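The values are calculated or read from the model by the stated rules, or taken from the named source; none is laboratory data. For clarity, every value in this text was computed on a predicted model and none was experimentally measured. Cβ coordinates were reconstructed from backbone atoms using ideal geometry, including for glycine residues, and neighbour counts include every protein chain displayed. These area figures cover heavy atoms from the full protein model, side chains too; ligands, DNA and RNA do not enter into them. Shrake-Rupley method; radii C 1.70, N 1.55, O 1.52, S 1.80 Å.
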Amino acid sequence: MARMTWTFSPERVDTPDATALRRDYYDDVASRYWKRPATEAEIDEGLTDDGAELLTPPTGQFLVARYEGGAAGCGGVLMLDEERAELTRVFLRHAFRGLGGAAPLLRDLEDAARGLGARRIVLNTRLDLVEARALYTRSGYAEIPAYCTGPYMDIWYGKEL
């Protein structure tokens, strides 16, 4: 049986695949938070002025994960200062979870952060996003004190690159 392949490559946040993935990401995290499906209007509002345009060098990078060529997930890194990058919008569509793409996506995002000059990577997430938290701890991230505040942040992680 042929081995299925993952690829991870930089992509502008406004391409059709990146846009669809960003919408799916927001739909997933908002729906889980609200415990009901997010509406199209809520997704539109959530993506308006969300800072995604900063996910391009030199301020950041956005990656699209593809499984057998199909858009399966995404993630970004945003430079917070000279040496610290923030991991953001890490997401795999549900149909692609469990296929071995999350850890390599995370590694490629860390490589992208290094390429931008980061020596440390940080992130914030919610306690209910248990799959994400498991991925981060499996990948060497440790809980750190809060470096930012916001309504959808419960726990913060960091890792030396």
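Please enumerate the residues belonging to region 17-54 that are touching a residue at least 60 places away in the same chain (Cβ under 8 Å), within 18 Å of Tyr152 (Cβ to Cβ) and aliphatic (A, V, I, L, M).
Answer for region 17-54, where residues must be touching a residue at least 60 places away in the same chain (Cβ under 8 Å), within 18 Å of Tyr152 (Cβ to Cβ) and aliphatic (A, V, I, L, M): just Val29.
Of Glu143, Glu160, which residue is surrounded by fewer than 19 Cβ atoms within 10 Å (Cβ to Cβ), closer than 22 Å to Pro58 by Cα and of a type in the set (D, E, K, R)?
Glu160
Going through region 121-136 one residue at a time, which ones are in a loop (DSSP other than H, G, I, E, B) and either of a type in the set (Gly, Ala, Ser) or surrounded by fewer than 11 Cβ atoms within 10 Å (Cβ to Cβ) (or both)? If you could, list the steps in order and put the result at the bottom.
Taking region 121-136 as the starting set, the residues that turn out to be in a loop (DSSP other than H, G, I, E, B) are 126-129.
Leu127 - this is the single residue of region 121-136 that is in a loop (DSSP other than H, G, I, E, B) and either of a type in the set (Gly, Ala, Ser) or surrounded by fewer than 11 Cβ atoms within 10 Å (Cβ to Cβ) (or both).
I'd like to verify a number: residues in region 11-64 that are on the phi < 0 side of the Ramachandran plot and open to solvent by 40 Å² or more (accessible area, probe 1.4 Å), how many?
Of the residues in region 11-64, 29 are on the phi < 0 side of the Ramachandran plot and open to solvent by 40 Å² or more (accessible area, probe 1.4 Å).
Could you please let me know if Gly117 is out of contact with any Ser or Thr (no Cβ under 7 Å at 6 or more places or on another chain), more than 19 Å from Gly140 (Cβ to Cβ), modelled with pLDDT under 95 and part of a loop (DSSP other than H, G, I, E, B)? Lay out the reasoning, then the answer.
On the way: out of contact with any Ser or Thr (no Cβ under 7 Å at 6 or more places or on another chain): yes; more than 19 Å from Gly140 (Cβ to Cβ): yes; modelled with pLDDT under 95: no; part of a loop (DSSP other than H, G, I, E, B): yes.
Criteria not met by Gly117.
This table checks each residue for (1) closer than 22 Å to Tyr67 by Cα; (2) at pLDDT below 95; (3) not small (Gly, Ala, Ser).
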{"residue": "Ala112", "(1), (2), (3)": "yes, no, no"}
{"residue": "Leu123", "(1), (2), (3)": "no, no, yes"}
{"residue": "Pro145", "(1), (2), (3)": "no, no, yes"}
{"residue": "Gly150", "(1), (2), (3)": "no, yes, no"}
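Restricting to region 138-156, count the residues that are closer than 12 Å to Leu127 by Cβ and of a type outside the set (Asp, Glu).
Filtering region 138-156 for residues closer than 12 Å to Leu127 by Cβ gives 143, 152-156.
Filter once more, so that each one left must be of a type outside the set (Asp, Glu): 152-153, 155-156.
So the answer is 4.
May I ask you to verify whether Thr88 is among the hydroxyl-bearing types (Ser, Thr, Tyr), farther than 19 Å from Pro151 by Cβ and either over 11 Å from the mean Cα position of the chain (by Cα) or open to solvent by 10 Å² or more (accessible area, probe 1.4 Å) (or both)? Explain how you work it out, then say what you get.
Details: among the hydroxyl-bearing types (Ser, Thr, Tyr): yes; farther than 19 Å from Pro151 by Cβ: no; either over 11 Å from the mean Cα position of the chain (by Cα) or open to solvent by 10 Å² or more (accessible area, probe 1.4 Å) (or both): yes.
Against the criterion (among the hydroxyl-bearing types (Ser, Thr, Tyr), farther than 19 Å from Pro151 by Cβ and either over 11 Å from the mean Cα position of the chain (by Cα) or open to solvent by 10 Å² or more (accessible area, probe 1.4 Å) (or both)), Thr88 does not qualify.
In region 88-101, how many are within 17 Å of Tyr136 (Cα to Cα) and touching an Asp or Glu at 6+ places or on another chain (Cβ under 8 Å)?
2
Would you mind stating whether Glu86 is without any contact (Cβ under 8 Å) to a residue 60 or more places away in the chain, in a loop (DSSP other than H, G, I, E, B) and under 24 Å from Trp156 (Cβ atoms)? Break it down into steps so the answer makes sense when it comes.
On the way: without any contact (Cβ under 8 Å) to a residue 60 or more places away in the chain: yes; in a loop (DSSP other than H, G, I, E, B): no; under 24 Å from Trp156 (Cβ atoms): yes.
Against the criterion (without any contact (Cβ under 8 Å) to a residue 60 or more places away in the chain, in a loop (DSSP other than H, G, I, E, B) and under 24 Å from Trp156 (Cβ atoms)), Glu86 does not qualify.
Going through region 137-158 one residue at a time, which ones are within 25 Å of Arg93 (Cβ to Cβ), touching a residue at least 24 places away in the same chain (Cβ under 8 Å) and outside any loop (DSSP other than H, G, I, E, B)?
Arg138, Ile155, Tyr157
Any residue in region 68-81 that's crowded, with 24+ Cβ neighbours inside 10 Å: show its pairings with residues that are assigned to a strand (DSSP E or B) and among the acidic types (Asp, Glu) at Cβ separation under 9 Å, as long as the two are six or more apart or on different chains.
Gly76/Glu86; Val77/Glu86
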